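Read the figures in this text as sums done on the coordinates, not as results from a lab. All of these numbers come straight from a predicted model, not from anything done at the bench. With ideal geometry, Cβ positions are generated from the backbone for all residues, glycine too; neighbour counts draw on all protein chains shown.
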Amino acid sequence: MLTIAYIGNGKSTNRYHLPFATKVEGIRVKTIYNRTIKDTWQPLVDIHYTSDIQEVYQDPEIQLVVVATPGDTHFDLAKDCLNHDKHVLVEKPFCETAAEARELFALAKEKKLFIQCYQNRRFDSDFLTVQEVIASGRLGNILEVEMHFDYYRPEIPESSTSFSAIHSYLYGHGCHTLDQVLSYWGEPDRVHYDVRQLLGEGRMNDYFDIDLYYGQTKVSVKSSYFRLLERPSFIVYGSKGIFIKQTKDRQEADLKRFYMPDQANFGLDQPEHYGALTYIDTDGVLHEEKIISQVGDYSRIYEGIYRSIIHGDEKIVKDHETIRLMEILEAGIQGLK
């Protein structure tokens, strides 16, 4: 049995963690800590809620602590957990700098403890489907990939009157898509950054366009708060074809309407959400077909964590991947103020 406590009782814990952790056989959620106990989220049966963090740190039954608080608290809380001999799972962004990430990994290694970033979007259905299409070989050599994570939420940057790196759009959303790139394509040959404050200096970073180069392949990660019509989630261009996945993984959309993972068809794409593959085969024949989406499942992150802590399996999210991600975020935000 892996016994877990959460630090933070907000949207992250209740929407993106608990529904998936509680799916995994062998995981028990015992305690949730928050500075103040509020009834914003429906309390779960058999979970102890507390405003005393020492009840987490001093409980010998609790093996893993999940840090699900604002990004600027991650480093200090994760370090405290390690110093209290707890394994740690940290929400993204993992921390603010690569130096902080290295310090946490070094401390965990010294104390023989597990620490990992919660990169659940490695198990988005659109990302998994893109991997399947690429692996099929029907696109030929992969020349260019465009990944988009767009919103039309101008009220968010418009309401911000100061700049903060850790609360930037790049840190808050680039940590999803850039991790997907690093997890699948690995270390890039070089990186080009276009990171902006569309409302001007001294305001929130609300746009980024980052190109990562892998030999002949360019992978572009693009996001904006000012896209009234979202661009496709993925476009993959190959020497023999193109794959377009218009819509994102549907797990988040279902969670927002309180349709939970234990309900039928949770997170599943319908035919109208399937991606379109167009390619030319070896006989020169043009094909156009819909690709049934892979099934996304964020609980796979928790399954991996269970196996790593209980059975000693390799981490799903490697330390060097998290450090490299932090380096890219730092370099991208550099110069903004």
- Item | Residue-by-residue Karplus 3J(HN,Hα) for segment 285-293, coefficients 6.51, -1.76, 1.60, Hz, glycine and proline x | 8, 7, 10, 10, 8, 8, 10, 4, 5
- Message: Counting just the Cα atoms, what span does segment 1-59 cover along each of its three principal axes? Round to the nearest Å and put the largest first.
- Response: 30, 26, 18
- Item | Radius of gyration and Dmax over the Cα atoms of segment 1-128, both given in Å | 14.2, 41
- Note on the structure: In nm, the gap between the two label points placed 7 Å beyond Cα toward Cβ at Glu144 and Lys11 is 3.3
- Query: Suppose R0 equals 25 Å; then what is the FRET efficiency for Tyr49 and Asp72 from their Cβ-Cβ distance, rounded to the nearest 0.05?
  - Reply: 0.55
- With just the Cα atoms of segment 144-187, tell me how far they stretch along each of the three principal axes, in Å, largest first. 37, 21, 13
- Task: Please report, to two decimal places, log10 I(q)/I(0) for segment 48-121 at q = 0.23 Å⁻¹ as given by the Debye formula with identical point scatterers on the Cα atoms and no solvent.
- Result: -1.05
- Message: For Val88, Val133, which order do you get if you count the other beta carbons within 10 Å of each Cβ and list the fewest first?
- Response: Val133, Val88
- Message: Would segment 208-263 count as rounded, prolate or oblate if I go by the C-alpha gyration tensor, calling it rounded below 1.5 in a/c and otherwise prolate when a/b exceeds b/c, oblate otherwise?
- Response: prolate
- Query: For the chain, which longest stretch is free of loop sites, where a loop site is one of the GluC sites (Glu not before Pro) that DSSP puts outside H, G, I, E and B and that has at most 11 other Cβ atoms within 10 Å?
  - Reply: 62-200
- Query: Out of (1) 62, 51, 36; (2) 53, 47, 38; (3) 67, 47, 39, which label holds the value of Cα extents along the principal axes in Å that was computed here?
  - Reply: (3)
- Excluding residues fewer than 8 positions from Lys248 in its own chain, the lysines with Cα under 17 Å of it are Lys222, Lys256, Lys290
- Can you tell me the FRET efficiency between Lys112 and Ala331 if r is taken as the Cβ-Cβ distance and R0 is 41 Å, rounded to the nearest 0.05? 0.80
- Long-range amide H partners of Val90, meaning residues 5 or more apart or on another chain whose placed amide H is closer than 5 Å, are Val67, Gln116, Cys117, Tyr118
- Note on the structure: Taking 0.36 nm per residue of separation between Glu201 and Thr97 and subtracting their Cα-Cα distance, the length gained on full extension comes to 35.3 nm
- In whole Hz, with x marking every Gly and Pro, tabulate ³J(HN,Hα) for segment 4-18 from phi via Karplus 6.51 cos²θ - 1.76 cosθ + 1.60, θ = phi - 60°. 10, 10, 10, 9, x, 10, x, 4, 4, 4, 7, 9, 10, 10, 4
- For the pair Ile280 and Asn83, how long in nm is the line joining their label points, each one 7 Å along Cα→Cβ? 6.3
- Task: Quote the FRET efficiency, to the nearest 0.05, computed for Thr161 versus Ile244 with a Förster distance R0 of 51 Å and r equal to the Cβ-Cβ distance.
- Result: 0.85
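Normalising by the residue count of segment 121-296, find the relative contact order in percent from Cα pairs under 8 Å and 6+ residues apart.
Numbers: 353 pairs, mean separation 51.6, N = 176.
Over segment 121-296, the number comes to 29 percent.
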- Message: With the alpha-carbon atoms as the only input, what is the per residue convex hull volume for segment 121-296 in Å³?
- Response: 130
- Message: Pairs of alpha-carbon atoms within less than 8 angstrom and 6+ residues apart define the contacts here; what relative contact order does the chain have, in percent?
- Response: 19
- Tell me the label-point distance for the pair Glu289, Ile37, using the 7 Å Cα-to-Cβ offset, in nm and rounded to one decimal. 5.7
- C-alpha long axis of helix 319-333 to longest principal axis of the chain, angle in °: 70
- Query: Can you list residues whose amide H is under 5 Å from Lys218's amide H, if they're 5+ apart or on another chain and H is modeled 1.01 Å from N?
  - Reply: Glu144, Val145
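Dividing the Cα radius of gyration by the Kirkwood radius, what Rg/Rh value follows for segment 196-337?
Ratio of gyration radius to Kirkwood radius: 1.02.
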- Give a residue-ordered list of calculated ³J(HN,Hα) values for segment 243-249 (Karplus: 6.51 cos²θ - 1.76 cosθ + 1.60, θ = phi - 60°; whole Hz; x for Gly, Pro). 10, 10, 10, 6, 9, 7, 3
- Could you name the lysines in cross-link range of Lys86, using Cα to Cα under 29 Å and dropping any fewer than eight places away on the same chain? Lys11, Lys23, Lys30, Lys38, Lys109, Lys111, Lys112, Lys315, Lys318
- Note on the structure: Taking placed amide H atoms and a strict 5 Å upper bound, the residues 5 or more places from Gln294 or on another chain that come that close are Thr129
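May I ask you to derive the relative contact order of segment 1-134, considering only C-alpha pairs under 8 Å and at least 6 residues apart, and to give it as an integer percent?
This gives 21 percent for segment 1-134.
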- Query: What is the helix-to-structure angle for 98-111, meaning the angle in degrees between its Cα long axis and the longest Cα principal axis of the chain, kept from 0 to 90 and rounded to the nearest 10?
  - Reply: 50
